[in-house]
Amino acid sequence: MASCIVEHSGSILIKRMYNAKAYSAASATSSLASTTIARRDPTEHDVQIEILFCGICHSDLHQVRNEWSGVMPTVYPCVPGHEIVGRVTKVGSAVTKFKPGNLAAVGCMVDSDGTCSECQAGLEQFCRNITLTYNFPDKHLGGVTYGGYSESIVVDERFVLRVPSNLNLAGVAPLLCAGITTYSPMRHWGVTKGKKVGVVGLGGLGHMGVKFAHVLGAHVVVFTTSPNKKEDALRLGADEVVVSRNREEMQKHAGSFDFILDAVSADHDINAYIELLRRDGNITLVGAPEKPLAVAAFGLLVARRSLSGSPIGGIPETQEMLDFCGTHNITADVEVIPIQKVNEAYDRLLKSDVKYRFSIDMASLKSK
Ligand SMILES: NC(=O)c1ccc[n+]([C@@H]2O[C@H](COP(=O)([O-])OP(=O)(O)OC[C@H]3O[C@@H](n4cnc5c(N)ncnc54)[C@H](OP(=O)(O)O)[C@@H]3O)[C@@H](O)[C@H]2O)c1
Ligand SMILES: [Zn+2]
Ligand SMILES: [Zn+2]
């Protein structure tokens with residue numbers, strides 16, 4: 001164990017910490033490589049987790065390559081990863097929800113003020129004083145937070161989730177971002193039996209969206225640019241699949257959708273989907289492409305359609321989603337990889353070549 005001295009609100013604090021193995025990127029153009037990072041020793045409200053699996057979200061790639069520089073510039077070295085599942089190894093004296101040996105999960109947030117109206121409502125994702133799991137100022141050790149491409153993490157118990165015991169852990173990890181990010185807007189916009197729901201982009205988020213919309217009872221249509229994903233889409237729960245580059249196929253659905261979830265990671269024509277909404281229909285963006293999307297005003301105004309966005313979900317809803325997945329036996333379809341293949345995985349993610357989420361087996365970090 002080691003300690004470090006940090007300045008906090010004008011006073012000097014001594015923090016106990018330990019070293020953890022991790023993978024980090026040194027710059028926007030470097031590959032991820034093995035490193036060692038400092039983690040704080042658990043303080044009284046903290047849970048220390050040995051990470052078993054961490055999903056690879058496209059947001060990890062956007063941030064490692066500094067593609068969101070206008071909104072949240074990346075601070076290097078960057079240790080990504082916010083789809084974390086593992087086992088509790090140590091808890092602070094005031095922790096009540098967890099004990100060593102429990103399964104535990106962490107998503108995109110690790111702290112918030114806990115006092116504002118958003119936090120009080122369980123909507124921590126909207127708190128102005130949120131701390132994201134990586135690339136955000138670290139209140140404890142200074143510098144920035146480091147994510148889940150690591151052997152362990154230490155998190156305030158308020159941001160640690162319980163994991164249903166019946167689920168495959170490699171497939172649980174992606175629920176912590178891809179799962180909640182698709183579940184939350186579907187609940188918000190009332191996806192249920194009798195609704196016609198579209199999911200655009202069959203990637204990590206999209207395939208979870210299809211699973212949730214199907215279990216919620218909607219008629220689900222997948223829009224994909226990859227004709228070879230057709231059979232998978234049907235297996236995942238889609239009722240219909242449209243190859244979006246085919247104008248004729250798209251036209252057949254004009255004016256018919258109650259809700260469309262857009263989970264595309266790159267530039268695309270969103271107007272083509274707005275046209276498919278019925279009166280008062282909604283399209284929600286969860287995808288976060290690097291460049292702004294052009295929106296034609298007429299597509300929205302002629303049928304009082306709406307366009308919104310949605311970021312992850314609050315802690316109570318994330319727990320609800322995990323419990324829902326436990327009840328309905330839902331996990332992500334994963335390709336489990338050792339951490340040493342992470343750079344290859346990023347290249348494949350860019351080619352939409354993953355079925356449908358990479359999940360890193362963190363045991364691989366121990367073997368060098
Ligand atoms: N709102 C949030 O809180 C939140 C949370 C997590 C992630 N995100 C963002 O959501 C997006 C998707 O993340 P992900 O992890 O699901 O990514 P992903 O696994 O790479 O999936 C993205 C999918 O988009 C489609 N696509 C890719 N390039 C395209 C193009 N040029 N034109 C049309 N379609 C294209 C592909 O589906 P097809 O092959 O089926 O066409 C691809 O599989 C990313 O931008 C990510 O940063 C947002
Ligand atoms: Zn994510
Ligand atoms: Zn708050």
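Every number here is computed from the coordinates shown, using simple stated rules; none is lab data. Since the structure is predicted, the reported quantities are computational estimates derived from the model, not experimental observations. Here the Cβ is made from the backbone with ideal geometry for all residues, glycine too, and neighbour counts use every protein chain on show.
Listing for the model above:
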{"item": "Under 30 Å from the Cα of LYS211 - lysines, other chains or at least 8 residues apart", "result": "LYS97, LYS193, LYS195, LYS196, LYS229, LYS230, LYS252, LYS291, LYS341, LYS351, LYS355"}
{"item": "Size of charge dipole - the range 163-313 - debye, nearest 20, with Cβ of Lys, Arg +1 and Asp, Glu -1, no other charges", "result": "340"}
{"item": "Two-decimal Rg to Rh for the range 286-329 - Kirkwood Rh, Cα set", "result": "1.19"}
{"item": "Proxy reagent accessibility, fewest Cβ within 10 Å first, across ARG279, ARG16", "result": "ARG279, ARG16"}
{"item": "Alpha carbon Rg of the range 38-170, scaled by the compact-globule rule 2.2 N^0.38 Å", "result": "1.03"}
{"item": "Unit charges at the beta carbon, dipole of the chain: most positive-side option, PRO164, GLY70, VAL91", "result": "PRO164"}
{"item": "Two-site label geometry, LYS230 and SER34: point separation in nm, points 7 Å out along Cα→Cβ", "result": "4.5"}
{"item": "Amide H contacts of VAL144 (H built 1.01 Å from N, under 5 Å, at least 5 apart or other chain)", "result": "ASP138"}
{"item": "ALA296/SER27 FRET efficiency (R0 45 Å; Cβ-Cβ; nearest 0.05)", "result": "0.75"}
{"item": "Rg(Cα) / (2.2 N^0.38 Å) computed for the range 129-185, rounded to two decimals", "result": "1.29"}
{"item": "Kirkwood Rh, Cα atoms: Rg over Rh of the range 258-368", "result": "1.08"}
{"item": "Normalised contact order of the chain, rounded percent, pairs of Cα under 8 Å and 6 or more residues apart", "result": "17"}
{"item": "Share of alpha-carbon pairs per 10 Å distance bin for the range 77-124, given as whole %", "result": "21, 38, 37, 4"}
{"item": "Value in Å of the Kirkwood radius, where the range 309-366 supplies the Cα pairs that are averaged", "result": "13.5"}
{"item": "Within the range 1-133: Cβ-based charge dipole about Cα centre, in debye rounded to nearest 20 (Lys, Arg +1; Asp, Glu -1)", "result": "420"}
{"item": "P(r) histogram, all alpha-carbon pairs of the chain included - 10 Å bins from 0, percent", "result": "5, 24, 33, 24, 10, 3, 0"}
{"item": "Size of charge dipole - the chain - debye, nearest 20, with Cβ of Lys, Arg +1 and Asp, Glu -1, no other charges", "result": "320"}
{"item": "Positive-end extreme of charge dipole, the chain - chosen from PRO311, SER152, PHE298 (charges on Cβ)", "result": "SER152"}
{"item": "Likely footprinting exposure, ASP347, ASP232, fewest C-beta neighbours within 10 Å first", "result": "ASP347, ASP232"}
{"item": "The chain, helix-only ellipticity at 222 nm - DSSP H runs n ≥ 4, -39,500 (n - 2.57), divided by all residues, nearest 500", "result": "-6000 deg cm²/dmol"}
{"item": "The range 243-307: C-alpha gyration tensor shape, a/c 1.5 cut-off, then a/b vs b/c", "result": "oblate"}
{"item": "Zero-based 5 Å bins, Cα pair distances in the range 112-270, whole percents", "result": "2, 8, 14, 17, 16, 14, 12, 9, 6, 2, 0, 0"}
{"item": "Positive dipole terminus of the chain, leading residue within LEU261, HIS328, ALA288 (C-beta point charges)", "result": "HIS328"}
{"item": "Ascending count of other beta-carbon atoms within 10 Å, so fewest first, for PHE223, PHE212", "result": "PHE212, PHE223"}
